[in-house]
Amino acid sequence: MRVIGLAGWSGAGKTTMLTRLLPELAGRGVSVSTIKHAHHAFDLDTPGKDSYAHREAGAREVLITSERRWALMRELRGEAEATLPELLARLSPVDLVIVEGFKRQPHVKIEIHRSANGKPPLHPGDPSIVAIASDIGFPEAGRPVVHIDDVAAIADIILARAEPLAAVLARAGGQE
């Protein structure tokens, strides 16, 4: 498995970029899984459903399964948030993992920057950003800058710059 991230401020278009990249990469025969970091409480479950009742009643993990998919939810109940290496270790093997968020972690990343967002770029202070996808140029960036709508070029960079899972884990101190 190889790993790369998409980093940027909220509203920059990371999720939109990811939904455009997935069909492009799949069309190239690349199997992809994603990890999305949320900075807020989120819930996949719906009140009134059995799985919600299981979790609310105190189950630590709830595995929901059907003929079409399965999902495992783990309630932390005061435990520390899982680290990126711990989450990566839980994934089934694929060719590529794209991490959305975790912008302060040291895995290689492509910065998604949109000028209308009004936020400063991340790349000047982050050497793990290996390229930038933006609607404006950054001639002093010292790394490739491609237009945010050039999905094929961004996919090319992802395939060229994603790093092996072992390198990500080694840099994180071997945490699994």
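Which of the residues belonging to segment 93-124 are basic (Lys, Arg), over 13 Å from the mean Cα position of the chain (by Cα) and either under 24 Å from residue 169 (Cβ atoms) or surrounded by fewer than 18 Cβ atoms within 10 Å (Cβ to Cβ) (or both)?
Once the filter is applied, which keeps residues that are basic (Lys, Arg), over 13 Å from the mean Cα position of the chain (by Cα) and either under 24 Å from residue 169 (Cβ atoms) or surrounded by fewer than 18 Cβ atoms within 10 Å (Cβ to Cβ) (or both), segment 93-124 yields only 119.
Based on what the data block shows, is residue 64 assigned to a strand (DSSP E or B) and closer than 15 Å to residue 99 by Cα?
Details: assigned to a strand (DSSP E or B): yes; closer than 15 Å to residue 99 by Cα: no.
The answer is no for residue 64.
For the subset of segment 29-61 comprising residues that are part of a strand (DSSP E or B) and among the hydrophobic types (A, V, I, L, M, F, W, C), which member is modelled with the lowest pLDDT?
Within segment 29-61, the first condition is being part of a strand (DSSP E or B), and the residues that meet it are 32-36, 61.
With the extra rule that they be among the hydrophobic types (A, V, I, L, M, F, W, C), the set shrinks to 32, 35.
Details: 32: 97, 35: 92.
Taking the candidates together, the pick is 35.
Condition first: surrounded by 14 or more Cβ atoms within 10 Å (Cβ to Cβ), over 19 Å from residue 154 (Cβ atoms) and among the hydroxyl-bearing types (Ser, Thr, Tyr). Can you find one or more residues in segment 41-50 that meet it? Before you say what the answer is, go through the steps one by one.
Going residue by residue through segment 41-50, those that are surrounded by 14 or more Cβ atoms within 10 Å (Cβ to Cβ) are 45.
With over 19 Å from residue 154 (Cβ atoms) added as a condition, the list becomes 45.
Then keep just the ones that are among the hydroxyl-bearing types (Ser, Thr, Tyr); that gives none.
So far as segment 41-50 goes, no, none of its residues is surrounded by 14 or more Cβ atoms within 10 Å (Cβ to Cβ), over 19 Å from residue 154 (Cβ atoms) and among the hydroxyl-bearing types (Ser, Thr, Tyr).
Residues being of a type in the set (Ser, Thr, Tyr) and either at pLDDT 95 or above or in a loop (DSSP other than H, G, I, E, B) (or both): count how many of those fall in segment 1-15.
The number of residues fulfilling the criteria is 1.
Kindly establish whether residue 85 is over 23 Å from residue 19 (Cα atoms), in a loop (DSSP other than H, G, I, E, B) and either touching a residue at least 24 places away in the same chain (Cβ under 8 Å) or among the hydroxyl-bearing types (Ser, Thr, Tyr) (or both). Reasoning before the result, please.
Values: over 23 Å from residue 19 (Cα atoms): yes; in a loop (DSSP other than H, G, I, E, B): no; either touching a residue at least 24 places away in the same chain (Cβ under 8 Å) or among the hydroxyl-bearing types (Ser, Thr, Tyr) (or both): yes.
Criteria not met by residue 85.
Let me confirm something: among 15, 19, which residue is under 16 Å from residue 100 (Cβ atoms), in contact (Cβ under 8 Å) with a residue 12 or more places away in the chain and either surrounded by 10 or more Cβ atoms within 10 Å (Cβ to Cβ) or within 23 Å of the chain's Cα centre (by Cα) (or both)?
After ruling out the rest, the residue left standing is 15.
Among the residues of segment 131-159, write down those that are within 17 Å of residue 13 (Cα to Cα), assigned to a helix (DSSP H, G or I) and in contact (Cβ under 8 Å) with a residue 24 or more places away in the chain.
151, 152, 154, 155, 158
Search segment 101-117 for residues being in a loop (DSSP other than H, G, I, E, B) and either hydrophobic (A, V, I, L, M, F, W, C) or at pLDDT 95 or above (or both), and hand back the single one that is nearest to residue 88 (Cα to Cα).
Checking each candidate, the answer is 102.
The values are calculated or read from the model by the stated rules, or taken from the named source; none is laboratory data. Please read all numbers here as calculations on a predicted model, not as lab measurements. Positions of Cβ are backbone-derived with ideal geometry, glycine not excepted, and every protein chain shown enters the neighbour counts.
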